[in-house]
Amino acid sequence: MKCRKCGGTAVINMRQHKLALCADHFLEWMPEQCQRFIEKYHMFTPEDRILVAISGGKDSLSLWDILHRLGYQADGLYIGLGIDGGLSYSDESHRLAQQFADERGLKLVVVEVEQTYGATIPELAVISNRGRDKPCSVCGLNKRYIMNRAAYDGGYTVLATGHNLDDEAAVLMQNTMQWQGGYLVRQAPVLEANRPGLARKVKPLCRFYEREMAAYAIVRGIEYIYDECPHAVGSTTIWYKEILNQMEEGRPGAKLQFYLSFLQAKEQGLFAQKADDAELHACDKCGQPTSAPGECSFCRLWDKVRAVKGARVPAEAGMTSKQ
Amino acid sequence: MNVTLIYRNKTYEVPAGMTVRDAIKKVGLQPETVLAVVDGKLITDDTILKEEMKKVKLVAVISGGSPLPCRSATGAGRGGSLL
């Protein structure tokens, strides 16, 4: 297959765009498109200080690479979860994130959950009795809390995550199957910091297929963690991705259309904003926003653990960074 | 006359002369979920497999988990084994 721009040998064929590109033109096309999405959804400008959530995977490292190439001020945030799974998953992802930052002279802010709060994520799941063999829910709670806090406390104007279109479409399908009005109304390329204590969140990769992100990392020579999180195997999200890919196989562009037509329908008022009218208060202990009165779910979770293990107090949360 | 496909820690032998896309389907994977790499370089899925390619690496694109086998091709259910 030939590159549409130069006639050279194509390295990727994006059937949903009827577009095949060679390595050089693909590496040009991705940041151009990303810049288009950043502007279209009013994500940020060159004046913003961006914190990019880095997992060590292809999406987050490629996002950081693209933002860096586009000239944005973007620091990385790596959260050490303490997941081993027989393959030193967290250690290896940290090493790759640090290596990426060092090679480019970028700043990586590191929060190690165990050192900062007193237990690893798998320990936390067992001690709190929330998902003993599947710590995904406590992991998500911790990541959301730490990302928000690191962005807000660090004075960043925006937090960027590497969610791609497949991630967004899978969550959309899951929430649609259960008609989760509150979640549907909040799913968007930009989550405004519309309440005190909340960081502004953006997803600059939300229109790129997962396939394109993997191709970008490979063609660009980015070393990323290839193994999946050992706890993610068999997750519901992956099951929905498989179903969406079956639809994509028969009708190229089906995933993209599903997501984009949802955004359009939402803009036209398909979902009532009142589905998202939860009042937020400051947590009595840490001051972060929470919907429940008193302590937030993060502090309540760690209270349980502290009673068993004597973990540190979240208010002492320290962050390290290496330039 | 065979070409070896490598997917995670598994290998599959497929005959040369078929397209990458057909080979991916033949071994029970979804073409949308893998990228084909020969000698560290990406190739498009309309590429005809040639004997001299010897080894074609199939890189899973789904983060947070391995793509599940295509049920129609293997008869395997969710999380079932490939072969």
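The values are calculated or read from the model by the stated rules, or taken from the named source; none is laboratory data. On a predicted model such as this, the values are computed, not experimentally measured, just so you know. Reconstructed Cβ throughout: ideal geometry from the backbone, glycine too, with neighbour counts over all protein chains shown. Areas reflect the complete protein model, heavy atoms only, side chains present, ligands, DNA and RNA absent. Shrake-Rupley method; radii C 1.70, N 1.55, O 1.52, S 1.80 Å.
Could you list, in sequence order, the residues of segment A:223-262 that are within 24 Å of A:Gly85 (Cα to Cα), outside any helix (DSSP H, G or I) and out of contact with any Phe, Trp or Tyr (no Cβ under 7 Å at 6 or more places or on another chain)?
A:Glu223, A:Tyr224, A:Ile225, A:Tyr226, A:Glu228, A:His231, A:Ala232, A:Val233, A:Gly234, A:Ser235
What are the residues in segment A:123-146 that are in contact (Cβ under 8 Å) with a residue 60 or more places away in the chain, of a type outside the set (S, T, N, Q) and crowded, with 20+ Cβ neighbours inside 10 Å, if any?
Answer for segment A:123-146, where residues must be in contact (Cβ under 8 Å) with a residue 60 or more places away in the chain, of a type outside the set (S, T, N, Q) and crowded, with 20+ Cβ neighbours inside 10 Å: A:Leu124, A:Ile127, A:Pro135, A:Val138, A:Cys139, A:Tyr145, A:Ile146.
Go through segment B:5-51 residue by residue and tally those that are open to solvent by 10 Å² or more (accessible area, probe 1.4 Å), within 22 Å of A:Ile225 (Cβ to Cβ) and part of a helix (DSSP H, G or I).
So the answer is 1.
Could you please give the count of residues in segment A:9-44 that are within 12 Å of chain B (Cβ to nearest Cβ), assigned to a loop (DSSP other than H, G, I, E, B) and either free of Cβ contacts under 8 Å to residues at least 60 places away in the same chain or hydroxyl-bearing (Ser, Thr, Tyr) (or both)?
Within segment A:9-44, residues that are within 12 Å of chain B (Cβ to nearest Cβ), assigned to a loop (DSSP other than H, G, I, E, B) and either free of Cβ contacts under 8 Å to residues at least 60 places away in the same chain or hydroxyl-bearing (Ser, Thr, Tyr) (or both) number 2.
Among the numbered criteria (1) more than 19 Å from the chain's Cα centre (by Cα); (2) open to solvent by 50 Å² or more (accessible area, probe 1.4 Å), which single criterion is violated by A:Gly287?
(2)
In segment A:1-53, which residues are open to solvent by 40 Å² or more (accessible area, probe 1.4 Å) and within 20 Å of the chain's Cα centre (by Cα)?
Hits for segment A:1-53 are A:Gln35, A:Arg36, A:Glu39, A:Lys40, A:Tyr41, A:His42, A:Thr45, A:Arg49.
Can you tell me which residue is most open to solvent (accessible area, probe 1.4 Å) among those in segment A:256-284 that are free of Cβ contacts under 8 Å to residues at least 40 places away in the same chain and in contact with a strand residue (DSSP E or B) (Cβ under 7 Å, 6 or more places away or on another chain)?
A:His281
I need the full set of residues from segment A:147-166 which are crowded, with 21+ Cβ neighbours inside 10 Å, of a type in the set (Gly, Ala, Ser) and more than 14 Å from chain B (Cβ to nearest Cβ), in order please.
Within segment A:147-166, A:Ala150, A:Ala151, A:Ala160 meet the criteria.
Name every residue in segment A:211-240 that is facing chain B (nearest Cβ under 7 Å), at pLDDT 95 or above and open to solvent by less than 20 Å² (accessible area, probe 1.4 Å), in order of residue number.
A:Ala214, A:Ala215 - these are the residues of segment A:211-240 that are facing chain B (nearest Cβ under 7 Å), at pLDDT 95 or above and open to solvent by less than 20 Å² (accessible area, probe 1.4 Å).
Taking the options A:Ala193, A:Ala169, name whichever one is within 23 Å of A:Ala214 (Cβ to Cβ) and either surrounded by 14 or more Cβ atoms within 10 Å (Cβ to Cβ) or not charged (D, E, K, R) (or both).
Residue meeting the stated conditions: A:Ala169.
Kindly indicate which of B:Lys26, B:Lys54, B:Lys50, B:Lys10 is away from every other protein chain (no Cβ under 13 Å) and on the phi > 0 side of the Ramachandran plot.
B:Lys54 is the lone residue from the list that is away from every other protein chain (no Cβ under 13 Å) and on the phi > 0 side of the Ramachandran plot.
Here's a check for you: in segment A:91-115, which residue that is closer than 11 Å to A:Tyr224 by Cα and free of Cβ contacts under 8 Å to residues at least 40 places away in the same chain is most open to solvent (accessible area, probe 1.4 Å)?
My answer is A:Arg95.
Which of (1) assigned to a loop (DSSP other than H, G, I, E, B); (2) within 14 Å of another protein chain (Cβ to nearest Cβ); (3) not aromatic (Phe, Trp, Tyr) does A:Gly197 not meet, given it meets every other one?
(2)
Which residues, taken from segment A:105-124, are within 21 Å of the chain's Cα centre (by Cα) and of a type outside the set (Asp, Glu)?
Scanning segment A:105-124 gives A:Leu106, A:Lys107, A:Leu108, A:Val109, A:Val110, A:Val111, A:Val113, A:Thr120, A:Ile121, A:Pro122.
When you check A:Leu70 against the structure, is it open to solvent by 10 Å² or more (accessible area, probe 1.4 Å), farther than 22 Å from A:Asp167 by Cα and in contact with a Pro (Cβ under 7 Å, 6 or more places away or on another chain), yes or no?
Yes.
Restricting attention to segment A:263-286, which residues are out of contact with any Lys or Arg (no Cβ under 9 Å at 6 or more places or on another chain) and assigned to a helix (DSSP H, G or I)?
Result: A:Leu263, A:Gln264, A:Ala265, A:Lys266, A:Glu267, A:Gln273, A:Lys274.
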